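Report on the following structure.
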Amino acid sequence: MDRLLDRLERIFGRLAIENLPMFLTGGLGIAFVLTLLKPVFVLGLILLPQAVLQGEVWRVVSWIFVPSVRQPFFALLFLWMFYLFARDLEGAWGTFRFNAFYFTGMVLTVAAAFLTGAAVTGYYLNGAIFLGYATVFPRTQILLFFVVPVQVRFVGMVTAGLYAYAAVTGGVSERISVGAVFATYLLFFG
């Protein structure tokens, strides 16, 4: 995979979006505020294949910005941590590889959604950033519940286990979202 990414970077590297974590975090923040102001706003963001086929093409991208939390404190915490993990991952990999990781997850999720007709949000795809971070920086410590220092690799393993559990017990939407995330993860780390 590394050789393929090197070759693709030589060809398409100039098209990579620099500081993608900042744009993703900004989009997530804006969507959160708009959802706070008007809760039905979130319904226009979700990837619904039937709606896309009827002309609502923005949903092919907007689903990644669906807020995963509703309380302002937890939203700010999520946005801060998402940005830090994504920024560090982009710093370790480089702009092109980070773009390739995120956009591969997007493409796989959209393709799976269209194959199954299931509605999708960016909850699991955005969580893939954390799984990637936990793999690249396994010994980094975070404070669990702001008190207990834990190496991020253990939190990553628990997160992967929870994703797998959601895929097994959840509906079609969870299965395709988690499947796309794990497929992306395996492509880049397998």
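The values are calculated or read from the model by the stated rules, or taken from the named source; none is laboratory data. Please read these numbers as outputs of a predicted model, since none were measured by experiment. Cβ coordinates were reconstructed from backbone atoms using ideal geometry, including for glycine residues, and neighbour counts include every protein chain displayed. These area figures cover heavy atoms from the full protein model, side chains too; ligands, DNA and RNA do not enter into them. Shrake-Rupley method; radii C 1.70, N 1.55, O 1.52, S 1.80 Å.
Ligands, DNA and RNA excluded, the heavy atoms of Arg70 present near 130 Å² of accessible surface to a 1.4 Å solvent probe.
A simple count of charges around Gln50, restricted to other residues whose Cβ falls under 13 Å of its Cβ and scoring Lys, Arg +1 and Asp, Glu -1, yields 0.
Measuring nothing but protein heavy atoms, the accessible surface of the chain at 1.4 Å probe radius is 70 percent carbon and sulfur.
Shape summary of region 85-152, radius of gyration then Dmax from alpha carbon positions: 14.6, 44 Å. Computed on protein heavy atoms with a 1.4 Å probe, the accessible areas place Ile142, Ile17, Ile64 in the order Ile17, Ile142, Ile64, largest first. A helix-only calculation puts the chain at -22500 deg cm²/dmol for mean residue ellipticity at 222 nm, using -39500 (n - 2.57) for each DSSP H run of at least four residues, averaged over all residues. Its residue count N sets the reference 2.2 N^0.38 Å, and the alpha-carbon radius of gyration of the chain equals 1.02 times that reference.
Summary of the geometry: region 1-78 and region 136-170, compared by the centres of their Cα atoms, lie 22 Å apart.
Between Met157 and Val40, the modelled labels are 4.7 nm apart [label points 7 Å from Cα along Cα→Cβ]. For region 153-166, putting each phi into the Karplus relation 6.51 cos²θ - 1.76 cosθ + 1.60 with θ = phi - 60° gives couplings of 4, 6, 5, x, 5, 5, 4, 4, x, 5, 5, 4, 4, 4 Hz, in residue order, rounded to whole numbers and with x for Gly and Pro. Between Phe12, Phe41, Phe130, the residue with the greatest mean-square fluctuation in the GNM of the chain (Cα pairs under 10 Å linked by springs) is Phe12.
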